[in-house]
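Read the structure below first, then the notes.
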Amino acid sequence: MIAQTLKWIGDVDGFLELIDQRLLPGEFVKLQCRDTEQLYDAIKTLAVRGAPAIGVAAAYGLVLGMQKLTEVDDLERGIEVLSKSCEYLGSSRPTAVNLFWALNRLRKRAEEFVAVKPEAKLQALREAVLTEANAIYQEDVEMCRRIGENGQKFITDGSGILTHCNAGALATAGQGTALSPMFEAFKKGRKFKVYSDETRPLLQGARLTAWELKQAGIEVVVICDNMAGWLMKQGHISTVITGADRIAANGDTANKIGTYSLSILARENGIPFYIAAPSSTFDLSITNGDEIPIEQRAAEEVTTFGGSPGKTQIAPEGVKVYNPAFDVTDASKITAIITEKGVIEKPDTESISKHLRS
Ligand code: MRU
């Protein structure tokens, strides 16, 4: 069974229920977010994470933000509160473009609603915002499924697939991006093995990808990040598939730190390197990867181990640390990008623009 990572419960006065990914795989706990502050904290601390899931969560965060409005407030005040929530939630994490994509889409929808129905009641605006958030959720489910269908052909009997971080159901509203082709290939009865990089410092590969694949009955082997090159050299890896947090117009792709190194190792070893991502992960406003903001995270994530409580100090207290959460893989190192619309072979500005318009 595929995990349901996020679920809106109730009507406009409802709340967002999330699987608290900080606690997996040890504990399976649902977290209830009842205001934007709580949701901001859930995104910031990675209770909910993965580019598409962050976008969907933020969309519902705007619904939560509008719950502060009262009967005396009008549509203008509604738009003002929604815009403030957009800015606030948009400051939670900078790299995954799905966050900004979802916030902008909802803001635009709300403004259109007010332009078309200036006499409407505030309640109707709140309902329109929830309807749009639900649409983003449903579209993500569908995009994930199609990515799986389009990518399953790259997984054949005997394949050894390497993946990094977690781009599965836990990172989306649906069955994931990079893991979706694996779920589809598995349904078709293909026999393959997945190697999951543990993905330091926060171990999304060891904790989340391994948990998801194991639950689905797919053979998964966890490796430390520094083992990938050697496994490739020894012939264990036939394909690399990862997700993405932001793809520039030319195909340069930001994903979890360590992805760039894998692309180089794959190229050196003659192994195809695929990115799986929905259209909402493309940022055509930036020409190349140099413009992608890279999130820097706390030193403590590197110097301690095992989460809180139960943290173990593994580097000297006060030592200098560099902790970028993402890196950028040049388009030239990507064999193809798998989207819900199909496959972009040898991605570049022209092929991407043509594909997204199709
Ligand atoms: O810091 P995280 O856990 O949010 O990083 C997630 C990733 O890098 C994923 O690979 C990416 O968001 C794609 S998720 C479908």
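For the criterion of being in a helix (DSSP H, G or I), in contact (Cβ under 8 Å) with a residue 24 or more places away in the chain, under 30 Å from Met232 (Cβ atoms) and in contact with a helix residue (DSSP H, G or I) (Cβ under 6 Å, 6 or more places away or on another chain), Cys144 passes.
Identify, from the list Arg34, Arg107, Arg22, the residue that is of a type in the set (Lys, Arg), touching a Phe, Trp or Tyr at 6+ places or on another chain (Cβ under 8 Å) and not assigned by TED's automatic domain parsing to the domain that holds Glu295. Exactly one of Arg34, Arg107, Arg22 is of a type in the set (Lys, Arg), touching a Phe, Trp or Tyr at 6+ places or on another chain (Cβ under 8 Å) and not assigned by TED's automatic domain parsing to the domain that holds Glu295, namely Arg34. Of all residues in the stretch 93-109, those being within 16 Å of the ligand (Cβ to nearest atom) and part of a helix (DSSP H, G or I) number 6. Selection of the stretch 257-281 for residues being crowded, with 24+ Cβ neighbours inside 10 Å and assigned to a strand (DSSP E or B) yields Ile275, Ala276.
Here is a yes/no grid of residues against (1) over 21 Å from Ser92 (Cα atoms); (2) open to solvent by 60 Å² or more (accessible area, probe 1.4 Å); (3) over 20 Å from the mean Cα position of the chain (by Cα):
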position: Glu291; (1), (2), (3): no, yes, no
position: Glu301; (1), (2), (3): no, no, no
position: Thr304; (1), (2), (3): yes, no, yes
position: Ala336; (1), (2), (3): yes, no, no
position: Thr339; (1), (2), (3): yes, no, no
position: Val343; (1), (2), (3): yes, no, no
position: Asp348; (1), (2), (3): yes, yes, yes
position: Ser353; (1), (2), (3): yes, no, yes
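Of all the criteria given as (1) part of a helix (DSSP H, G or I); (2) touching a Ser or Thr at 6+ places or on another chain (Cβ under 7 Å), the one not satisfied by Asp290 is (2). For the stretch 196-224, filtered to residues that are in contact with a Leu (Cβ under 9 Å, 6 or more places away or on another chain), touching a residue at least 60 places away in the same chain (Cβ under 8 Å) and assigned to a helix (DSSP H, G or I), the residue that is surrounded by the fewest Cβ atoms within 10 Å (Cβ to Cβ) is Ala216. Of Gly10, Gly78, all but one fail to be exposed (fewer than 14 other Cβ atoms within 10 Å of the Cβ) and either away from the ligand (no atom under 16 Å from the Cβ) or closer than 21 Å to Arg246 by Cα (or both); the exception is Gly10.
The values are calculated or read from the model by the stated rules, or taken from the named source; none is laboratory data. Model, not experiment: these values are computed from the prediction. For neighbour counting, all protein chains shown are included, and Cβ atoms are generated from backbone atoms with ideal geometry for every residue, glycine included. Heavy atoms of the whole protein, side chains included, go into the accessibility calculation; ligands, DNA and RNA do not. Shrake-Rupley method; radii C 1.70, N 1.55, O 1.52, S 1.80 Å.
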